[in-house]
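Note sheet for the following structure.
The values are calculated or read from the model by the stated rules, or taken from the named source; none is laboratory data. All of these numbers come straight from a predicted model, not from anything done at the bench. Here the Cβ positions follow ideal geometry from the backbone for every residue, glycine too, while neighbour counts run over all protein chains shown. For the accessible areas, the whole protein counts, side chains as well, though only heavy atoms, and no ligand, DNA or RNA atoms are used. Shrake-Rupley method; radii C 1.70, N 1.55, O 1.52, S 1.80 Å.
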Amino acid sequence: NFDICKEFGIHFYPTFRVCASQDLNHVGADRELQTVRQLMVNFLQNHTRQDWPVSCPPLEPYRFVQWHTLGFNTVILDLMMYQGLTVKRALSSEKSLTEKLGINSFPSAYLLHPNGTHGILDVQKRLRFFFSSFLKLLLGVHRKLTTSGAPQEPLLEGSRGPGTAEAWKDFEKSKVYMADLESGLHYLLRVELATHQTLEGEELKTFKDFVTVVAKLFPGRQSVVKLLETLLEWLVSLPLEKIPFDAILDLVNNKMRISGMFLSDQLQWVGCQGSRVGLRGYPCSLWTLFHVLTVQAASRPDALANTGLEENPKAVLQTMRKYIVNFFGCQECGKHFEEMAVASLPQVKSVDQAVLWLWRKHNQVNGRLAGTMSEDPHFPKTQWPSPDLCPTCHEEQDGIHVWNEDKVLMFLKQHYGAANISPKHMYSSQHEPNREALGAPDNKPIKATQEKTVAPESSLLHANHAKQSDVEGQAGTGAHKETRPGVSFLGLGFSSVDMSLCVVLYAFSCVFLMVMFFFFRVRSKRWKIRYNRPYV
């Protein structure tokens, strides 16, 4: 940008120029964020009204006669890209206004609803980040437009939105839902990985490490844990350098009919449900899964004993890194994640640091994806945890928001801990929803739907635009099928009849070897007695 800087006479960085009748020039040693922000706000606030651009936010204070619209200048700027509310500011010197509204401490926010109700905004800390976060989470408040310029469709009452008839599930954002975790495993094992005909080399090692970490750390139902442990034992005991993925699918679908082993083949998003098809879903569940695994690794230091990963505090993060690079459907997302890992992952020296590293990178991705096409307008990508979930996690230094990472770590361990995982809306092994969790009456049958599993349009780590994964549900990858004679067993060409014959042959061979052993042992003793001569 040398030519541009030369044309406009810019010699110091950062320098801000407003192309209007007045120029904003900040020259000096103090170029800290708070100083620059205040300079920008003051410039806009003091700019002559007739010279303001059309898109310039109204920052002038409102008088008593305009008491119905209030706000503060920096919060106004924070909410510029949102619709569904208007933020105005008023001065503390406007005594008649503050007395009428009952405001006696500053800064404060007064919220007025279209239905006529009003009152002081209840925030735990009177900080800019708290006010802005609270306002963004109000019902009906969302970003104005997508990056394509098309307005987002509103969320339909009582449903996920256009394109689906599945009922909306109420959920608590303070909870993690096992249905999301199990649905993520189902999609990962039966859809995303199923696009690979075989696994070998680095891909096979990555898959083995992933199964190892999940089997040892996943705080799920016993039926799912048993499936993961069985899959791990099979992978470890199999002396093959190349495995057909159909064999893995046969085991995941439990074609050998092992009792007590089950993973639902239904996508059942709860905390990860989106307002429309293609938003959130699997990417959200994958983030959630690895957050849970990092917390489990920190809470259960002996869980990875005798796996070769027990001395590695970055075991979960390295497994996630390799999985995203090798298997995740969005290659550009994998590239972005790899760049973050190369830059800072070597700095992680403990399991607690691993928990915080993943949290920082998730927030970094949220900041990059905010306002893009992959963002769900009803679940905006904000810095998490929000003040309403963890008020002690947020602090302010010299007017700049900072995280209290000690409090954040405590919150993450509680939020992603096993005790905070809700079983609500999970499917049972009989392909029926958990009646106790759903509250369904015993006499009302619930039919299991059979739908084609479609890859999510949103991406896990996409930085520029939404990109649909290459993976699509394939016929037979998402449903349990009956095992019949002649059907391939574990993808290796054996039928159930063949396996029965193998067992019989194995037993017969053992008996035959034992008989031959005793026969030659007795014959050897007789030979020694017959040909043994006493010494003279």
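Observations on the structure shown:
- In order along the range 315-326, phi translates into HN-Hα couplings of 4, 5, 5, 5, 5, 4, 4, 5, 5, 5, 5, 8 Hz, rounded to whole numbers, per the Karplus curve 6.51 cos²θ - 1.76 cosθ + 1.60 with θ = phi - 60° and x for Gly and Pro.
- Close amide-amide hydrogen proximity is noted between PHE379 and no other residue 5 or more places distant or on a separate chain, at a cut-off under 5 Å (H modeled in the peptide plane; Pro and chain starts excluded).
- Residue-count net charge about VAL236 - beta-carbon cut-off 15 Å; Lys, Arg +1, Asp, Glu -1: -1
- Euclidean distance between Cα centres, the range 209-275 to the range 281-350, Å: 18 Å
- Here ASP78 sits with roughly 40 square angstrom of accessible surface, probe radius 1.4 Å.
- Greater than 25 Å apart at Cα, pairs in LYS136/LYS169; LYS169/LYS322; LYS226/LYS381: LYS169/LYS322; LYS226/LYS381
- The range 384-415 and the range 86-135: distance between their alpha carbon centers, rounded to Å: 23 Å
- Exposure of MET516 as accessible area (Å², to 10), given a probe of 1.4 Å and all protein chains: 70 Å²
- Near GLU396, the amide H atoms lying under 5 Å from its own belong to VAL402; only residues 5 or more places off or on other chains count, and H is placed 1.01 Å from N.
- The amide H of HIS142, built 1.01 Å from its N in the peptide plane, has GLN83 as neighbours under 5 Å, considering only residues 5 or more places off or on other chains.
- Accessible area expressed per residue, the range 266-388, with surrounding protein chains retained (probe 1.4 Å, Å²): 36 Å²
- Sequence of GLU99, GLU94 from largest to smallest accessible area, 1.4 Å probe: GLU99, GLU94
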